[in-house]
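First comes the structure, then the notes that go with it.
We did not get these values from a lab; they are worked out from the coordinates using the rules stated. Computed from a prediction, not measured in an experiment: that's the story for all the values here. All Cβ positions, even for glycine, are placed from backbone atoms using ideal geometry, and neighbour counts span all protein chains on display.
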Amino acid sequence: MKHINIPIFIPHLGCPFTCVFCDQNRISSTQEIPGEMEVLRIVEKHLETIPSGSEVEIAFFGGNFTAVEKASQEIYLASVKRYLQDGRVQGIRISTRPDCIDVEILDFLRKRGVRTIELGVQSLADEVLKASWRGYQADDVFKACYLIKEYGFRLGIQLMIGLPGDKLELDMKTAEQVIALRPDMVRIYPTLVIAGTHLEKLYLKGEYTPLTLAEALQISLAAYLQFQKENIPVIRMGLQPGEELQREGCVVAGPFHPAFGEMVEQEAFKAQAQKLIEEFVIAHGQHSQLLLLVHPRDISKVTGQRRSNLNYLKKQFGLELIKVRGTENLVRDSVGVAANDASAPALLLSRREFLEEPSYVKKYQI
């Protein structure tokens with residue numbers, strides 16, 4: 001069943017702090033807080049295009065929902081109750097901060113149809129949280145996550161890489177700790193320098209250096225594949241490239257790319273295909289032309305942007321030609337390889353098998 005969120009952005013609503021990286025109005029591409037009628041308009045507009053049989057949640061994003069005054073929370077949740085009652089929507093999703101969760105709040109949310117809570121965790125390194133002006137510590141995150149799961153909510157964790165004071169080892173340690181929390185889903189966002197934020201001031205003074213796109217891709221790849229190995233879905237990588245975010249001058253610096261998540265997945269397929277071809281050469285000898293077989297929906301991921309993955313593999317193995325063919329009988333995230341004139345793969349490597357390969361684990365060890 002396909003999951004679809006109907007996003008309703010409530011920028012800065014409920015935020016007790018302005019973090020160094022944040023200008024929520026730009027990120028959400030929304031300047032005004034939506035009223036009850038606007039919420040209904042958004043929901044109805046989305047429902048018109050959602051395929052039947054989808055799992056649908058109304059998602060209040062952009063602010064810290066549980067820090068909003070109770071009366072406003074009541075209005076928002078009551079306004080969408082009708083969609084839960086008539087079955088067109090299966091639940092409500094909210095995003096909030098770890099230090100805005102307690103027993104009373106969870107009782108309130110559970111009685112009003114909320115079933116998924118996403119926490120803006122960002123990092124589990126206290127020094128990074130402090131440098132980013134988050135206003136809480138890692139212990140607050142652990143307590144909130146345990147409570148959310150104890151109350152039966154689905155737990156989502158939002159992470160940011162490349163924050164002030166951050167480094168690869170801390171990002172990887174955070175990923176390891178998140179895995180131990182067993183969330184139902186994870187998002188990974190590279191830190192961007194947005195105009196008008198305190199982070200922009202630090203950047204312009206030379207006190208903050210953002211990740212390059214290549215660095216952000218490699219860190220995200222390492223975390224993404226570790227989450228995959230633990231069967232924890234990564235539901236997004238990179239910020240949604242809304243109109244405001246793509247406006248000239250909005251992103252001052254940092255690893256922004258409108259297809260960031262796709263690029264991370266392409267890196268995963270490149271590494272997987274390379275491992276598979278290495279095994280093919282050992283078993284069947286060197287060939288000048290090879291064929292890769294994948295599920296049709298994975299063709300662009302194994303090909304890479306402007307055929308970058310295929311060009312890399314050609315150079316790596318001295319190939320004259322490498323083709324990609326889609327075949328419905330292969331499962332997603334698997335890659336097959338064969339001589340160019342073959343009709344079926346000589347070797348097949350699933351993502352699970354690739355993740356369990358010792359040389360891979362050593363290379364991307366968390």
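Candidate cross-link partners of Lys143 among the lysines, defined by an alpha-carbon separation under 24 Å and a same-chain spacing of 8 or more, comprise Lys70, Lys111, Lys130, Lys173. Based on DSSP H segments of at least four residues, each scored -39500 (n - 2.57), the chain has a per-residue ellipticity at 222 nm of -12000 deg cm²/dmol.
Exposure proxy shown here: for Val141, Val178, the number of other Cβ atoms within 10 Å sets the order, fewest to most, as Val178, Val141. Classified by the C-alpha gyration tensor, segment 266-363 has a rounded form. Its axis ratio a/c, with a ≥ b ≥ c, is below 1.5.
Mind sorting Arg307, Arg236, Arg134, Arg187 by how few other Cβ atoms lie within 10 Å of their own Cβ, fewest first?
Values: Arg307 13, Arg236 16, Arg134 26, Arg187 21.
By the 10 Å Cβ count, ascending, the order reads Arg307, Arg236, Arg187, Arg134.
A straight chain from Leu213 to Arg110 at 0.36 nm per residue would run longer than the Cα-Cα distance by 33.1 nm. Annotation: amide H-H contacts under 5 Å for Phe9 (H modelled 1.01 Å from N, sequence separation of 5 or more, or interchain): Phe61.
Under a 5 Å amide H cut-off, with hydrogens placed 1.01 Å from N, Val121 pairs with Gln158 among residues at least 5 apart or on other chains. For segment 106-152, GluC sites (Glu not before Pro) meeting the loop criterion (DSSP other than H, G, I, E, B) and having at most 10 other Cβ atoms within 10 Å: none. Applying a DSSP loop filter and a limit of 15 other Cβ atoms within 10 Å to the GluC sites (Glu not before Pro) in segment 194-223 leaves Glu207. Along segment 184-194 the Karplus relation, 6.51 cos²θ - 1.76 cosθ + 1.60 evaluated at θ = phi - 60°, assigns HN-Hα couplings of 7, 6, 9, 10, 10, 10, x, 6, 10, 8, 9 Hz to successive residues, with x for each Gly and Pro.
Shape class for segment 3-258: prolate, because the ratio a/c of the largest to smallest gyration tensor axis (alpha-carbon atoms, square roots of eigenvalues) is 1.5 or more and a/b beats b/c. What separates the Cα centres of segment 164-191 and segment 294-351 is a distance of 30 Å.
Bridging of Lys275 to aspartates and glutamates at a Cα separation below 15 Å is possible for Glu267, Asp333, Glu353, Glu356, Glu357, once same-chain residues fewer than 8 apart are set aside.
Across segment 3-258, the mean sequence separation of Cα contacts (distance under 8 Å, 6 or more residues apart), normalised by length, yields a relative contact order of 19 percent.
So, R0 is 35 Å and r is the distance between the beta-carbons of His284 and Ala259; what FRET efficiency does that work out to, to 0.05?
That pair, His284 with Ala259, gives E of 0.55.
Taking the chain, the Cys residues with no second Cys beta-carbon under 4.7 angstrom are Cys15, Cys100, Cys145, Cys250. Measuring nothing but how far apart in sequence close Cα pairs (under 8 Å, 6+ apart) lie, relative to its length, segment 266-363 scores a relative contact order of 34 percent. Hey, for a label at Phe142 modelled as a point 7 Å past Cα toward Cβ, could you say which residues of segment 171-195 have their backbone N under 16 Å away? Label zone hits: 173-183.
Across segment 57-116, Cα pairs under 8 Å and at least six residues apart give a relative contact order of 47 percent.
I'd like the FRET efficiency for Val331 and Glu176, computed as 1/(1 + (r/R0)^6) with the beta carbon distance as r and R0 of 35 Å, rounded to 0.05. So the FRET efficiency works out to roughly 0.80.
Segment Ser343..Ile299, full-extension length gain: 14.1 nm, with 0.36 nm per residue of separation and the alpha-carbon distance subtracted.
The H on the amide N of Thr327, modeled in the peptide plane, is under 5 Å from the matching H of Val294, His295, each at least 5 residues off or on a different chain. Fully extending the segment from Arg352 to Glu36 would add 109.2 nm, taking 0.36 nm per residue of separation and subtracting the current Cα-Cα distance.
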